[in-house]
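Q: Structure provided below as structure tokens; questions to follow.
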Amino acid sequence: MTRLRVHHRTAYTYLEPVELGAHVVHLRPRELPFQTLHGFTLHAGSITAPALRDGVDHFGNPVSWLFLTGLHSKLVLDAPAEVEVLCRPCPASDATPAWER
């Protein structure tokens, strides 16, 4: 078992200021039988009061919809997370295709 702290940063700088930004982000680590999420936050930098809605996409992945109002010329998203990952056994060699196939 391994516990990891992950920090993802996304930064956009616009050529001209914008008043409305609508973004879809897939930054929250997925909960899986071999992966446990112990903490996650999504920060939108200096943007004041972004409207944020969390959900799950068609494939079962966590998704966040972020709506920014007010004049801004850049967007910085910080997404620190802490996950615990279990080691998974390798499949038996006869249960996988040969390299040549």
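The values are calculated or read from the model by the stated rules, or taken from the named source; none is laboratory data. Only a predicted model underlies this, so the values are computations on that prediction, with no experimental measurement involved. Every residue, glycine as well, gets a Cβ built from its backbone with ideal geometry; the counts of neighbours run over all protein chains shown. Heavy atoms of the whole protein, side chains included, go into the accessibility calculation; ligands, DNA and RNA do not. Shrake-Rupley method; radii C 1.70, N 1.55, O 1.52, S 1.80 Å.
Q: Quick one: what does P(r) look like for region 1-52 with 5 Å bins over all Cα pairs, in whole %?
A: 4, 11, 25, 21, 14, 11, 7, 5, 2, 0
Q: Ok, one more. Over the residues of the chain, compute the C-alpha Rg and express it relative to 2.2 N^0.38 Å.
A: 1.47
Q: Quick one: putting +1 on the C-beta of Lys and Arg, -1 on the C-beta of Asp and Glu, what dipole do you get for region 8-66 around its Cα centre, in Debye to the nearest 20?
A: So the magnitude is around 180 debye.
Q: Using the Karplus equation 6.51 cos²θ - 1.76 cosθ + 1.60 (θ = phi - 60°), what ³J(HN,Hα) coupling, rounded to whole Hz, does each residue of region 80-96 give in order, writing x for Gly and Pro?
A: x, 9, 10, 10, 10, 10, 8, 5, 10, x, 6, x, 4, 4, 7, 9, 10
Q: Now a separate question. Express the accessible area of the chain per residue in Å², computed with a 1.4 Å probe while the remaining protein chains stay in the model.
A: Accessible surface, normalised per residue, equals 75 Å².
Q: Can you send over the carbon and sulfur percentage of the accessible area for the chain, probe radius 1.4 Å, protein chains only?
A: Carbon-and-sulfur percentage of accessible area, whole number: 57.
Q: Here's a follow-up. Suppose each label sits 7 Å from its Cα in the direction of the beta carbon; what would the T2-L15 distance come out to in nanometres?
A: Distance between the two pseudo-spin positions: 4.2 nm.
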